[in-house]
Amino acid sequence: MEQWAYHPWFGIILTVGIWIVARWIRHRAGTPLLDPVMLTIAAILGVLLLAHIPFDAYNRGGQVLAFLLGPSVVALAVPFYRRLEKIKRNLVPILISVAVGSITGIGSAVGLALLLGGSREIAVSLSPKSVTTPIAIGISQEIGGLPSITAAAVILTGILGGMLGPELIRLIGVRSQFATGLAIGTAAHGIGTARALREGELEGAMSGVGMMLNGLITAVLLPYLLPLFL
Amino acid sequence: MIRKETVVSFALLLLFLGVGNAISLGLHLRVPGNVIGMILLTVCLLTKVLDVKRVEPAADMLLSEIGLFFVPPGVAVMLYFDLIAKQWFPLLAGVVGSLLAVLWATALAARLFEKKEARES
């Protein structure tokens, strides 16, 4: 294998370069559904497969970027704090609603995967699929899942929820902006929240709250709930 | 140009990350250390132990590009193409079915509370 591909700068430059292009494409397309993370992953996969570069070579640089995931998750405390200040009064009903969604999500993902012939590994990797990607990756590592499968499931969940979330909620007769926003954020994290923001200001704000609380609740509950399902 | 405030706030984030990891490992918690760090920082902000302005510069900078940092863990999916080829159906059905379940369960629970509040007021 070419030595240069094993140099950390290869993975860093490839990732940042494609990321900048992907963000530009999303900006031009003007839809939150063209997720730049998905575009970047797909383009890098194409480059590595075509050039026969192993993942280990790419990841010399990749892990340098992935290290920043840690402080970034800690940094989520800042938007979380700003939102908590606004919803203080309604915190308990919101917390319970998101917890209901969170536990439903874990149970249904694990249950469906196992029922349909999925392996234990797949079921575990799928269990945090509604949680925002940076937190979901950490949870997946902690519970013995495959973080990359989790990331793929999370992004797919976000795109589907962003595409169809509000319509699917109207299907069961729920019209409330508050409930719609909270449900979209809880089910489809940041990508869903981008769609909720276009539905309206209240939907967007509640979606952000749902996303943060579900990330937190799932991170704390899932490692202890999982043994009950498996 | 990187300002001093940005460097200090980045160091603070790393400090909370380190403490979170130490707690996760030391107490054998199965919660990721970065999430524990996030919870600790949120508590410090809510109780005004730490002013949000102290951590904002680096936090806003990292969060504006957070997607970049989970590209490499996502690219690792290439190691599991065989597994996905074999298990694509439970994976896909799990995502779609569970998405529906979460959307509906959360929306119904939230509406229940909304109606209760409307009756009481």
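Can you confirm whether A:LEU76 is over 24 Å from A:HIS189 (Cβ atoms) and facing chain B (nearest Cβ under 8 Å)?
Values: over 24 Å from A:HIS189 (Cβ atoms): no; facing chain B (nearest Cβ under 8 Å): yes.
The answer is no for A:LEU76.
Selection of first residues in segment A:168-181 that are in the same structural domain as A:ALA196 (by TED's automatic domain parsing) and within 15 Å of A:GLY204 (Cα to Cα) and of second residues that are assigned to a loop (DSSP other than H, G, I, E, B) and among the aliphatic types (A, V, I, L, M), restricted to Cβ pairs under 7 Å at least 6 apart or on distinct chains, gives the following pairs, ordered by first then second residue: A:THR180/A:VAL174. Could you list, in sequence order, the residues of segment B:41-98 that are in contact (Cβ under 8 Å) with a residue 40 or more places away in the chain and crowded, with 23+ Cβ neighbours inside 10 Å? Of everything in segment B:41-98, those that are in contact (Cβ under 8 Å) with a residue 40 or more places away in the chain and crowded, with 23+ Cβ neighbours inside 10 Å turn out to be B:VAL55, B:ALA58, B:ALA59, B:LEU62. Among the conditions (1) in contact (Cβ under 8 Å) with a residue 60 or more places away in the chain; (2) assigned to a loop (DSSP other than H, G, I, E, B), A:VAL124 misses just one, which is (2).
With the condition kept exactly as written, say whether any residue in segment A:128-140 is over 20 Å from A:LEU213 (Cβ atoms) and facing chain B (nearest Cβ under 7 Å). Show your work before the answer.
First, pick out the residues of segment A:128-140 that are over 20 Å from A:LEU213 (Cβ atoms): none.
No: zero hits.
Do we find a residue being surrounded by fewer than 20 Cβ atoms within 10 Å (Cβ to Cβ), in contact with a Lys or Arg (Cβ under 8 Å, 6 or more places away or on another chain) and either of a type in the set (A, V, I, L, M, F, W, C) or within 22 Å of B:GLU65 (Cα to Cα) (or both) anywhere in segment A:111-119? Yes, the conditions are met somewhere in segment A:111-119.
Do you know which residues across segment A:11-20 are within 12 Å of chain B (Cβ to nearest Cβ) and not small (Gly, Ala, Ser)? Explain how you work it out, then say what you get.
Of segment A:11-20, the ones within 12 Å of chain B (Cβ to nearest Cβ) are A:11-12, A:14-20.
Hits for segment A:11-20 are A:ILE12, A:LEU14, A:THR15, A:VAL16, A:ILE18, A:TRP19, A:ILE20.
Assess whether A:ALA99 counts as being more than 8 Å from chain B (Cβ to nearest Cβ), assigned to a helix (DSSP H, G or I), modelled with pLDDT of 95 or more and buried (at least 17 other Cβ atoms within 10 Å of the Cβ).
Details: more than 8 Å from chain B (Cβ to nearest Cβ): yes; assigned to a helix (DSSP H, G or I): yes; modelled with pLDDT of 95 or more: yes; buried (at least 17 other Cβ atoms within 10 Å of the Cβ): yes.
For A:ALA99, the condition - more than 8 Å from chain B (Cβ to nearest Cβ), assigned to a helix (DSSP H, G or I), modelled with pLDDT of 95 or more and buried (at least 17 other Cβ atoms within 10 Å of the Cβ) - is met.
From the set of residues in segment A:22-63 that are under 30 Å from B:VAL52 (Cβ atoms) and touching a residue at least 12 places away in the same chain (Cβ under 8 Å), which is surrounded by the most Cβ atoms within 10 Å (Cβ to Cβ)? Within segment A:22-63, the match that is surrounded by the most Cβ atoms within 10 Å (Cβ to Cβ) is A:VAL37. A:PHE229 meets the conditions (1) within 23 Å of A:LEU34 (Cβ to Cβ); (2) over 20 Å from the mean Cα position of the chain (by Cα) in every case but one. The failed one is (1).
Contact annotation: no residue pair with Cβ atoms under 6 Å, 6 or more positions apart or on different chains, pairs a residue in segment A:64-82 that is in contact (Cβ under 8 Å) with a residue 60 or more places away in the chain and not assigned by TED's automatic domain parsing to the domain that holds A:MET211 with a partner that is assigned to a helix (DSSP H, G or I) and of a type in the set (Lys, Arg). Quick check: is even one residue across segment A:167-176 surrounded by 24 or more Cβ atoms within 10 Å (Cβ to Cβ), under 22 Å from B:THR106 (Cβ atoms), more than 7 Å from chain B (Cβ to nearest Cβ) and in contact with a helix residue (DSSP H, G or I) (Cβ under 8 Å, 6 or more places away or on another chain)? The answer is no, given that none of the residues of segment A:167-176 is surrounded by 24 or more Cβ atoms within 10 Å (Cβ to Cβ), under 22 Å from B:THR106 (Cβ atoms), more than 7 Å from chain B (Cβ to nearest Cβ) and in contact with a helix residue (DSSP H, G or I) (Cβ under 8 Å, 6 or more places away or on another chain). Checked against (1) at pLDDT 90 or above; (2) more than 7 Å from chain B (Cβ to nearest Cβ); (3) under 23 Å from B:ASP60 (Cβ atoms); (4) surrounded by fewer than 21 Cβ atoms within 10 Å (Cβ to Cβ), A:LEU68 meets all criteria but (2). Check whether at least one residue in segment A:157-165 is surrounded by fewer than 24 Cβ atoms within 10 Å (Cβ to Cβ), part of a helix (DSSP H, G or I) and at the interface with chain B (Cβ under 7 Å from one of its Cβ atoms), and report yes or no. Yes, segment A:157-165 contains at least one residue that is surrounded by fewer than 24 Cβ atoms within 10 Å (Cβ to Cβ), part of a helix (DSSP H, G or I) and at the interface with chain B (Cβ under 7 Å from one of its Cβ atoms).
Hey, which of the helices (runs of 4 or more DSSP H) in segment B:50-121, taking only ones fully inside, have at least 3 residues that are modelled with pLDDT of 90 or more? Please lay out each step first, then the result.
Numbers: elements: B:52-64, B:66-69, B:71-75, B:81-120.
Counting at least 3 such residues, we get B:52-64, B:71-75, B:81-120.
The values are calculated or read from the model by the stated rules, or taken from the named source; none is laboratory data. Since we're looking at a predicted model, the values are computed, not measured. Don't worry about glycine lacking a Cβ; one is built from the backbone with ideal geometry, like all the others, and counts go over all protein chains shown.
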